[in-house]
Amino acid sequence: MKKFYIGFSAILLLAVFLSGCAPIGGQIPDTNAPTVSSVVPADAATDVIINGYIAATFDEAVDPATVTTTTFTLTNSALTPVSGTVILNTAGTAATLIPGGDLAVNTSYIATITTGVMDLAGNALASDYVWTFSTGTNRSESPAPVGLGTAGNFVILSKAGISTTGTTAIDGDIGVSPAAQTYLTGFSETLVGTYATASMVTGKLYAADMDAPTPGNMTTAISAMETAFVDAAGRSIPDFTELGAGDISGMTLVPGLYKWGTGVLITDGVTLAGNSTDVWIFQIAENLTVSNGSIVTLIGGALPKNVFWQVSGKVTLGTTSDFKGIILCQTNIAMQTNATIEGRMLAQTAVTLDANTVTEPAP
């Protein structure tokens, strides 16, 4: 009997060896080194803006503890280090280095991802990944703001309906069209002919079936909203593309035109730094998701009226999140419990609220 057990163990170990599987759990261990699949600016790029970002995307998730200002560095051609902040997206697949100030004009730079970066299995890059680029003299240009037309008269505007539950407080006018007044739900409004009033709305409520001239005005406002969406989506030559692989959490963003072919995620807040005339336009091909408690912070005098979020998918503002800017959404916008916004929500389907605070941006 003893010989049988010894023989069986040997056979089991041989089977494990031949299958290439680890003895524990039956899984093949990850022995593949991570690689850098793309970088921004591109290798050998010239005339790079001086207030941009340096980013690298990996072919797999990497260990956040290994992505630091020591393992992701930037130096000029004289090997003088550039100070900054390094941020890894939530998925662990994209690292972004945000310089502490503008880069020097007409200067060559060397970016390096060292072998100190490891994947989640502890495999390091096979070798340092190094690329170069050179700056020009330009900073990212603040784009012209998106014209809202009469859609800018509304703090919430929707084609399909606006609904609320809980104790919501809205500062400004809201409206629906071609939806009728019955698609303003949860407001307990009082019809006054051309508009309605409600205790939770400091402005007026409008719908397509109210007395003239409201139907015509609402048609014009909806058309203006659609035109604004097309304008924002059609802006070309973005300053930044695919930043953070769609995860901009924790970043400080300068004015400019940003473009993603994916959704955008904000899990831990984002900061927009600029003055009162600077403009941000975010072109988002899929969804915009703001996690619970996340805050969009404006510094340096930046104003919500100059921040435009063009979203082709849906928008979700998580519980207790604090959002800023004008949302131009092709589908629906959902504010979860106790979320707040200073801006406008202009949706081509519905807007749903749940005990929210909605404040019209200062003119």
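In table form, for the structure just shown:
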{"item": "SER77, SER163, SER177 arranged by Cβ crowding within 10 Å, fewest neighbours leading", "result": "SER77, SER163, SER177"}
{"item": "Ranked list, fewest to most other Cβ atoms within 10 Å of each Cβ, for ILE174, ILE50", "result": "ILE50, ILE174"}
{"item": "SER77/THR320 FRET efficiency (R0 35 Å; Cβ-Cβ; nearest 0.05)", "result": "0.15"}
{"item": "Whole-number D in µm² s⁻¹ for the stretch 159-282, Kirkwood Cα-pair radius fed into Stokes-Einstein, 37 °C, 0.692 mPa s", "result": "190 µm²/s"}
{"item": "Residue among ALA121, ILE54, ALA94 farthest towards the positive dipole end of the stretch 36-135, charges placed on Cβ", "result": "ILE54"}
{"item": "The stretch 176-359: Cα Rg divided by the 2.2 N^0.38 Å rule of thumb", "result": "1.06"}
{"item": "Projected-area average for the stretch 112-226 over all orientations - Cα convex hull basis, square nanometres", "result": "13.8 nm²"}
{"item": "Dipole magnitude of the chain about its Cα centre (Cβ charges: Lys, Arg +1; Asp, Glu -1), debye to nearest 20", "result": "500 debye"}
{"item": "Surrounding net charge for PRO41, when Lys and Arg each add one and Asp and Glu each subtract one, Cβ distance under 13 Å", "result": "-4"}
{"item": "Compactness of the stretch 36-135 - radius of gyration and Dmax, Cα, Å", "result": "12.9, 41"}
{"item": "Residue-count net charge about THR197 - beta-carbon cut-off 15 Å; Lys, Arg +1, Asp, Glu -1", "result": "-3"}
{"item": "Paramagnetic reach from THR46 (point 7 Å along Cα→Cβ, amide N under 20 Å) across the stretch 133-161", "result": "133-140"}
{"item": "Burial ordering of MET225, MET251, fewest other beta-carbon atoms within 10 Å first", "result": "MET251, MET225"}
{"item": "At 1.002 mPa s and 20 °C, Stokes D of the chain from Kirkwood alpha-carbon radius, µm² per second", "result": "93 µm²/s"}
{"item": "Mean separation of Cα contacts under 8 Å (6+ apart) over length of the stretch 36-135, as relative contact order %", "result": "35 percent"}
{"item": "Pairwise FRET efficiency - ALA212 versus THR337, Cβ, R0 = 35 Å, nearest 0.05", "result": "0.40"}
{"item": "Ranked by how many other beta carbons lie within 10 Å on average, peptides 335-341, 146-152 from highest", "result": "335-341, 146-152"}
{"item": "Hz values of 3J(HN,Hα) by residue in the stretch 264-270 - Karplus curve (6.51, -1.76, 1.60), Gly and Pro given as x", "result": "10, 10, 10, 9, 9, x, 8"}
{"item": "ALA355-ALA180 FRET efficiency (beta carbon distance; Förster radius 30 Å; 0.05 resolution)", "result": "0.75"}
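None of the figures in this text is laboratory data; all of them are computed from the coordinates on show. As the structure is a prediction and not an experimental result, all values here were calculated from the model. Please note: Cβ atoms are built from the backbone with ideal geometry, for glycine as well, and neighbour counts cover all protein chains shown.
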